[in-house]
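Accompanying notes for the structure given below.
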Amino acid sequence: MPFANRAVPIVLAAVLIDSIGFGIVMPVLPSLITRLGHVGIDDATRIAGYMLTAFALTQFFAGPVLGNLSDRYGRRLVLIASMLAFGVDYALMALAPTLAWLFVGRAIAGAAGAIYGPASSVIADVVPVEKRSAAFGYISGAFGIGFVLGPALGGVLAALGPRAPFAAAAALALGNAAVMAFAMPESLQREHRRPFRWRDAHVIGAFRPLFDSPIAVPLLVVALLWQIANTVYPGTWAFWATIRFHWSPGAIGLSLTYVGFIMAAVQVLLVGSAIARLGDRRALMVGLVCAIAGFLAFAFIQAGWQVYAIMLLASLQGFVGPAISGLLSRMVGPERQGALQGGLGSLGSVAAIVSPLLMTQALAAGVELGFPGAAFVLAAVLALAALGVVVWKVLDRAPPAPAAVAEA
């Protein structure tokens, strides 16, 4: 898909850097928590879950606020401010002397990094509606590439110490803010802007315009269940790999690099064509089925090399997010895309609040019982529930894509 508006590649870079900033610290997080907290790896797993929850909690509240602010002041200003705050915060986290400092830094990073709404709104502003689902795949692809580069950089920088990845994330965010300030055009036209109201700047307010549609609430339930399940990867991967295979930070970084590369390749190369051929609804089902198969395979994996084979199948779960976003974005006008996308980001934060607690505790409990794959079994159950909602409430009720209507 050609980038007719130069705001698109710049905003994709912002999403990429946001993802790098999250992923770059993952390989060093176990050792940093054990060092600062003077705890063992089992306790560090639980502490990491609480830390991810703090990150997600602030992102939950910030997502709709940033989305609504972007509907009022435009996408560019909000994205620049977010990346500046993100960069400064990671610079301060590089100096963290205690776990409490690190907790506060992760909480601030959650608020500053809540850019899903403004970033996705740029796509909604400039991409025709019939191509929007595929374009949302580029947002997900940027996240995937971030998980390629982030853990890879984190694994390399770990040789310089556990604080080096934080400093690198700060430099990337500040550099991206500078590029935005000088090169990014505004994508939201002034006639489509609306006043900012605090009563709308929350997750319910973001979704209020959708509630007339019979499939909106089921789709939001599917999105929530899916996001809770999918957070098993960032929430437990480093600890699961350490416990299950005794992998070093470098090996963890390599595995995450591979996972991110495969996920990004699916988003960039397959999502658009798959949704064009299957439609949003069937692509959503295919993605959920492949996710369930992948979760169960990881739960019962026997050797580290099998990770690389299983991910080839599990990566087709990349159809899920763009299909949901495409279906929902067609239900609101241009003046509320920021609120909608911010609400979806906030919904993801609900998942990111709940999921680390569920998944890390499931991992820890499973380890105690001699079954490190327990968190992936839980993820499979949640994804199966999401698939059931799609079949029961969405599959035969969702409107056809605009292209299909035109052809008809």
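Taken as Cα centroids, region 173-198 and region 19-78 sit 23 Å apart, rounded to the nearest whole angstrom. Spin-label pair PHE300-TRP392: with each label point 7 Å from Cα along the Cα-Cβ axis, the two points sit 2.6 nm from one another. Per-residue accessible area (protein heavy atoms, 1.4 Å probe) orders LEU344, LEU278 as LEU278, LEU344, starting from the largest. When the chain is treated as a GNM with alpha-carbon contacts under 10 Å, the residue of THR236, THR98, THR58 showing the greatest mean-square fluctuation is THR98. In the chain, the calculated helix contribution to ellipticity at 222 nm averages -25000 deg cm²/dmol per residue, counting -39,500 (n - 2.57) for every DSSP H run with n ≥ 4. Of the options (1) 1.02; (2) 1.07; (3) 0.92, only one is Cα Rg over 2.2 N^0.38 Å as computed from these coordinates, and that is (3). Taking the chain as a Gaussian network of alpha-carbon nodes connected by springs under 10 Å, the highest mean-square fluctuation of the residues TRP237, TRP101, TRP226 belongs to TRP101.
Quick check on packing: order 84-93, 315-324 by the mean number of other C-beta atoms within 10 Å, highest mean leading. Don't skip to the answer; put the middle values down first.
On the way: 84-93: 21.1, 315-324: 27.1.
Sorting 84-93, 315-324 by mean packing, highest first, produces 315-324, 84-93.
Here the extension length gained between ALA365 and ASP43 equals 114.7 nm, from 0.36 nm per residue of separation less the Cα-Cα distance. Length gained on full extension, LEU77 to ALA183: 36.9 nm, using 0.36 nm per residue less the C-alpha separation. Shape of region 22-67 from the C-alpha gyration tensor: prolate (a/c of 1.5 or more and a/b above b/c, with a ≥ b ≥ c the square roots of its eigenvalues).
Stretching THR34 away from ARG282 to a fully extended chain increases their span by 84.8 nm, per 0.36 nm per residue minus the current alpha-carbon distance.
Annotation: peptides 31-39, 154-162, 375-383, ranked by per-residue average of other Cβ atoms within 10 Å with the highest first, follow the order 375-383, 154-162, 31-39. Working from label points 7 Å from Cα in the Cα-to-Cβ sense, the ARG190 to TYR50 distance is 5.1 nm. Using the 1.4 Å probe convention, the accessible area of the chain works out to 38 Å² per residue with neighbouring protein chains retained. Accessible surface of the chain, 1.4 Å probe: 70 percent of it comes from carbon and sulfur atoms.
The values are calculated or read from the model by the stated rules, or taken from the named source; none is laboratory data. Keep in mind the model is a prediction, meaning the values are calculated, not measured. As a convention, Cβ positions derive from the backbone with ideal geometry for all residues, glycine included, and neighbour counts pool all protein chains shown. Heavy atoms of the whole protein, side chains included, go into the accessibility calculation; ligands, DNA and RNA do not. Shrake-Rupley method; radii C 1.70, N 1.55, O 1.52, S 1.80 Å.
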